[in-house]
Amino acid sequence: MAEDKPTVATACMCGCSGCHMSFLDVDEFVKELAELLEFQSSHVIMDIKDIEEVDIGILEGTITNEENVEVAKEMRDNCEILVAWGDCACFGGIMTMRNFEPVEDILEECYIGKSDDESEIPDPEHVPALTEKARGLDEVIEVDAYIPGCPPSADIIRYGLEKLLEGEIPKLDKDKLRY
Amino acid sequence: MSTVKFTVDGEKISAEKGETVMSACKKHGIDIPKLCQHDAMENVMACRVCIVEVNGEQIQPACGLKVEEDLEIKTETDEIKKYRRMNLELIYRSENHYCMFCESDGDCELQDLMWENGIDYFEHPRLFPDRPIDSSHEHIVIDNNRCIRCGRCVRACEEVVGNQTLAFGGRGLENEIVADADVPLKESTCVSCGMCLQVCPTGAIFNKHSMFKGIKDECDLTESTCLRCSVGCETEIYTRTGHLVEIEGAESEMESGGQLCEMGRFEPLVDRTEKIDDVIYKENETEKEMSLAKGLEKAAEVLDEGDKISAMASGNLTNEVLDSFSEAMRTHGALFDVVGAKRHRFEKEVKRRINMIEGHFIDDITEVMKADHILLYDTSVRDTHPVLASYIRRAAMNGTRLITIDAYEDRFWEHSDISISVESPKTQLTRLINQVVREGKGSIEDLTRVSSILGGLRVHPRDVMQVVKHLEESTYDIIILGSEIIDRWSIRHIFELAKLEGSYLISLNQASNQYIRSLETEGVYEEPDVAYVLAGDEDDQEDMKKLIENADFSIVQASKRSELTEKADLVIPSLTMFEREGTSVNINGEEKEVERVMEPKGELKSEREFFEELAEKR
């Protein structure tokens, strides 16, 4: 493990992991990337999930429960540059469709209304409680770079990482920006 | 028109006085971003995306700013970019845009501008307002979640279609698009033309039959002419892998504003009628399929044996098909007619008898918007020639006096100044109008004479007086005859009235291809030995049905199954309207190109060759 390689941690909030899947679509670039970056932890490609101090922190997904808030803040505290991957992390994405109804009504509908007799609303002691609204990352923590898309294409993910490796904050517009 | 010189981003350009900065820039290839502006409509300055810097001190929307001498315009300063970004973000975040499952993802003017301006995050939180969706209509969905209140649909409905169905309802954040007094679109006064969804910059109003079939960039585009009525609108037809995706009106055609009607825009997308691919010969109650060549031989054999042969073609075919079909039929000794041509022959005869000159006939139907009086006989125009109907409504909205005469419901009741309901034929009424015009108002006071002319018709002489008064006041009046009028005397009296009053005429018939005016046609045998019917893609015509029922042996050439093909003894496939190519003549007498949208899928590749071969088999 070379000391001078920038370190990266990735994590997924409330999302489908589609952005991480799209990242894996960079194909053979992964090999090149392994030479240039040191993956410290990642929720789909590594066994290590604990976030330690890294240079680049990447988050996918919407902030929709207490755990998301905690992990997002942990990532923010532990990284130099925080990157939001995908529409969910950048703008809130499809998860924000729950914002049209109060949380209680949604839980009631899902766990009681549309379920069998034994089902009950989960206890927040065991399952993280839902936040009042589903939100994009930057309503909770500071975000340095945005890579929107549903999901962002592998090319755009690669472009974003390459810019970061060049020491720049990627900024997408025109042909590169899609959502 | 005087010219004005002004500067845009350091470049000197000239424009006509009274023009907007946006329109002048467009002519010089300078693209100013916009959402609410549309060339076919009035500018309302709603979206504030087209803002520009004026003389280094002010920021104004380019669509509402008139050019002035020495005006200094900057379109891309840092400040402009900042405010444009802010406006775009506010437009986007105020509503519920979800690009990932929106029908218009990839075809959206708002999305394009968001990308172009690099909006990769929001500075303000989103609102998530509760918005209604109206999917009651057969073809059109209005999803207020994606509506940016640009008002294009509202303006298109009023200014282009003259229908005033769509409007803004509610105030402030509750503001939304509603139909009439907030009724479901299906129950509204909507004429289903689909102009609203064509101009919608986002996915707020979209076509049920085209949704998720592909974005325009991935489709093949064919520019053609609609053959559903004689207005002959220019169409832009989108197809993907040989399938129809969407049909739009060409917006370059400014008079029509790019509109189409339900027949042209939606019906081909909805049509699921079974296609005819093979020749079907029915003998002793059993159906037998045969090859095209065998079918042709069979047809030739039947035609040879027949003594009295009647041939009838749809009026919605191309000149080339009509020519080759009539040629083949005449070689076989048939009498030849086209649906709609009968009305034209009556007119020709009337014109000859009353010695009427061609100058009475208008060669541009958009002229109705310039007339001060319109006398409309037969309001079925609303259904048979919907785009012409939109011009009539627009005229009436702009102050043209509209007089309607119909046997049934007045389909222009919202707009007509005088509406007379009179049983068909309308000849007596017109005769009375003629008489009053000729002999003066005194003649109507002789009530016994009036009632002797009107016979049993229940028309109030006051209405007749009103009509005459209007016609006399007018300096430019147009008489429009709908296609449902087919009795000779009505036509004669209406033409006489036009001659007497110096009115202009628009005479409609059932055929969309007015090539029938120069094509030789005649009445056919009503009870022939053999009837050969060449159908179009429209619904079955009564004349054709009658002919087949009365024939000993009937041949129907058609592209899809219908009542006609069920009754025919021999069914031969024809091309669909999207497989055909050639030319067609519209109501203005202009020759229009009809392009092939799809490759012929069946054995038949060219109707012309088929008929040439049929003619040779004599």
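The values are calculated or read from the model by the stated rules, or taken from the named source; none is laboratory data. Because the structure is a prediction, the values reported are computed rather than measured. Reconstructed Cβ throughout: ideal geometry from the backbone, glycine too, with neighbour counts over all protein chains shown.
Here are the numbers:
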read-out: In segment B:1-24, residue surrounded by the fewest Cβ atoms within 10 Å (Cβ to Cβ) [restricted to those that are of a type in the set (V, I, T) and free of Cβ contacts under 8 Å to residues at least 60 places away in the same chain]; value: B:T3
read-out: Candidates B:E89, B:E103, filtered to the one that is more than 14 Å from chain A (Cβ to nearest Cβ) and charged (D, E, K, R); value: B:E103
read-out: Enumeration of residues in segment B:117-140 that are in contact with a helix residue (DSSP H, G or I) (Cβ under 8 Å, 6 or more places away or on another chain) and either over 29 Å from A:G93 (Cβ atoms) or more than 14 Å from every other protein chain (Cβ to nearest Cβ) (or both); value: B:D134, B:S136, B:H137, B:E138, B:H139, B:I140
read-out: Residue list for segment A:158-179, filter: away from chain B (no Cβ under 14 Å) and either part of a helix (DSSP H, G or I) or surrounded by 14 or more Cβ atoms within 10 Å (Cβ to Cβ) (or both); value: A:R158, A:L161, A:E162, A:L164, A:L165
read-out: Residue selected from segment A:1-32 under the condition assigned to a loop (DSSP other than H, G, I, E, B) and crowded, with 18+ Cβ neighbours inside 10 Å, by the criterion farthest from the chain's Cα centre (by Cα); value: A:G15
read-out: Residues satisfying the stated conditions in segment B:210-259, i.e. assigned to a loop (DSSP other than H, G, I, E, B), surrounded by 22 or more Cβ atoms within 10 Å (Cβ to Cβ) and in contact with a Lys or Arg (Cβ under 7 Å, 6 or more places away or on another chain); value: B:G232
read-out: Residue count, segment B:299-336 (criterion: acidic (D, E) and in a loop (DSSP other than H, G, I, E, B)); value: 1
read-out: When residues of segment B:466-504 are limited to those that are among the charged types (D, E, K, R) and over 17 Å from B:L432 (Cβ atoms), the one farthest from the chain's Cα centre (by Cα); value: B:E473
read-out: Candidates A:A134, A:A129, A:A154, A:A84, filtered to the one that is facing chain B (nearest Cβ under 9 Å) and either in contact (Cβ under 8 Å) with a residue 24 or more places away in the chain or surrounded by fewer than 18 Cβ atoms within 10 Å (Cβ to Cβ) (or both); value: A:A84
read-out: Sole exception among (1) over 30 Å from B:R131 (Cα atoms); (2) away from every other protein chain (no Cβ under 13 Å) for A:M13, by number; value: (1)
read-out: Filter pass, B:V302 being over 30 Å from B:M195 (Cβ atoms) and either crowded, with 18+ Cβ neighbours inside 10 Å or within 25 Å of the chain's Cα centre (by Cα) (or both); value: yes
read-out: When residues of segment B:106-116 are limited to those that are more than 32 Å from the chain's Cα centre (by Cα) and closer than 27 Å to B:K208 by Cα, the one nearest to the other protein chains (Cβ to nearest Cβ); value: B:W115
read-out: Whichever residue in segment B:165-200 is among the aliphatic types (A, V, I, L, M) and over 25 Å from B:S256 (Cβ atoms) and, among such residues, is modelled with the lowest pLDDT; value: B:L173
read-out: B:M100 vs. criteria outside the structural domain of B:Q198 (by TED's automatic domain parsing), buried (at least 19 other Cβ atoms within 10 Å of the Cβ) and assigned to a helix (DSSP H, G or I); value: no
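Conditions (1) in a strand (DSSP E or B); (2) at pLDDT 95 or above; (3) out of contact with any His (no Cβ under 6 Å at 6 or more places or on another chain), marked per residue:
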{"site": "B:W489", "(1), (2), (3)": "no, no, yes"}
{"site": "B:F495", "(1), (2), (3)": "no, no, yes"}
{"site": "B:A498", "(1), (2), (3)": "no, no, no"}
{"site": "B:I506", "(1), (2), (3)": "yes, yes, yes"}
{"site": "B:D539", "(1), (2), (3)": "no, no, yes"}
{"site": "B:S554", "(1), (2), (3)": "yes, yes, yes"}
{"site": "B:E566", "(1), (2), (3)": "no, no, yes"}
{"site": "B:L575", "(1), (2), (3)": "no, yes, yes"}
{"site": "B:E593", "(1), (2), (3)": "yes, yes, yes"}
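Quick grid of which residues meet (1) without any contact (Cβ under 8 Å) to a residue 60 or more places away in the chain; (2) surrounded by fewer than 23 Cβ atoms within 10 Å (Cβ to Cβ); (3) not assigned by TED's automatic domain parsing to the domain that holds B:E234:
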| residue | (1), (2), (3) |
| --- | --- |
| B:N144 | no, yes, no |
| B:C153 | yes, no, no |
| B:C157 | yes, no, no |
| B:A181 | yes, yes, no |
| B:G194 | no, no, no |
| B:I205 | no, no, no |
| B:K208 | no, yes, no |
